[in-house]
Amino acid sequence: MACRLSPLFICSFIWLFYSSQLYGGGLQVTPVTLTFNPQQNSAGIWLSNNGKEPIQAQVRTFLWYQKNSSNELVATRDIIISPPMIKLNPNEQQLVRVIRNNNIMGSEELAYRLSINELPTGQNSSNKLQFVLHYSLPIFVQPLNMPSATVFLEWQLIKYPSKNTLIVHNNGNSHAQLSNIHFIDCKGKHTIINSGLLGYVLPRSTMQWEVTLPEVCSKPNNTIKVLINGEQQTYPI
């Protein structure tokens, strides 16, 4: 999902969101995440133009999975968008329908990304830069016979001379959103690893992040405090 630039356009990419609304230039998107329960067939997002110039945007969907601790996207027809092309004049808003196009059975949640590409309008003068934004919103779909959503996380901290790597594996059948992560060493010293959204770990997947920490106790009673899907949890590490 690369952004190719002409000399007159700058592309800004926003992958993960932590608020209930998203603002970028004149474009506002709400909500910024969707979850389909097993019986739900459709949902919607609102695109609004709070700027002074018209906005054009393309909306697409991708299947989202994680492999080798990286996020992978594949074009899909599992989720249908209506309408897929948007034009908004200043102070206008548009409801975009997000329609589930499959009724598969399964025990694990499926993850998708809703991609919103703001398109150049061609109205800027030849000597003026135009910022073109690309948003990526998570969509989670629960299959028809999915049991109750569960998140079971395993944490590991690998220490190197110049860096530390935090590894998180999700053995559950639902995604884990990780935010506000604090590390507490064996002496009770608190270190903030991340004060906002760190990322997601999808079902049966593993992700890792490089983190900056002071000297880590060799004793096995270090702990991690973290918000998992908005709820505070504590894990030994």
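The values are calculated or read from the model by the stated rules, or taken from the named source; none is laboratory data. What you are looking at is a predicted structure, and each value in this text was computed from that prediction instead of being measured. Note: ideal-geometry Cβ built from the backbone for every residue, glycine included; neighbour counts use all protein chains shown.
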Yes/no for Thr212 being over 30 Å from Arg100 (Cα atoms), outside the structural domain of Ile104 (by the TED database) and either touching a residue at least 24 places away in the same chain (Cβ under 8 Å) or in contact with a Leu (Cβ under 6 Å, 6 or more places away or on another chain) (or both): yes
Any hit, the range 152-162, residues being crowded, with 18+ Cβ neighbours inside 10 Å, in the same structural domain as Ile228 (by the TED database), part of a strand (DSSP E or B) and more than 16 Å from the chain's Cα centre (by Cα): no
Checking Gly196 against (1) small (Gly, Ala, Ser); (2) part of a loop (DSSP other than H, G, I, E, B); (3) within 29 Å of Gln58 (Cβ to Cβ), the condition it does not meet: (2)
Selection from the range 163-178 of residues that are closer than 17 Å to Ser107 by Cα, among the polar types (S, T, N, Q) and assigned to a strand (DSSP E or B): Asn170
The lone exception for Ile181 - which of (1) of a type in the set (Val, Ile, Thr); (2) closer than 17 Å to Asn229 by Cα; (3) not in a strand (DSSP E or B) it fails: (3)
Members of the range 23-54 found to be over 21 Å from Gln177 (Cβ atoms) and assigned to a loop (DSSP other than H, G, I, E, B), listed by number: Gly25, Gly26, Gln39, Asn41, Asn50, Gly51, Lys52, Glu53, Pro54
Subset of the range 215-231 that is modelled with pLDDT of 90 or more, among the aliphatic types (A, V, I, L, M) and closer than 12 Å to Ile184 by Cα - its residue that is surrounded by the most Cβ atoms within 10 Å (Cβ to Cβ): Val226
Residue tally, condition surrounded by fewer than 18 Cβ atoms within 10 Å (Cβ to Cβ) and out of contact with any Phe, Trp or Tyr (no Cβ under 8 Å at 6 or more places or on another chain), over the range 84-107: 16
Single residue of the range 139-167 satisfying the filter (of a type in the set (Ser, Thr, Tyr) and more than 19 Å from Pro220 (Cα to Cα)) that is modelled with the lowest pLDDT: Ser162
Residue under evaluation Ala57, criteria (1) touching an Asp or Glu at 6+ places or on another chain (Cβ under 6 Å); (2) closer than 26 Å to His175 by Cα; (3) not in a loop (DSSP other than H, G, I, E, B); (4) not charged (D, E, K, R), criterion not met: (2)
Residue match in the range 196-209 (condition: under 30 Å from Gly26 (Cα atoms) and small (Gly, Ala, Ser)): yes
Within the range 1-58, tally of residues that are at pLDDT below 90, among the β-branched types (Val, Ile, Thr) and closer than 22 Å to Pro138 by Cβ: 1
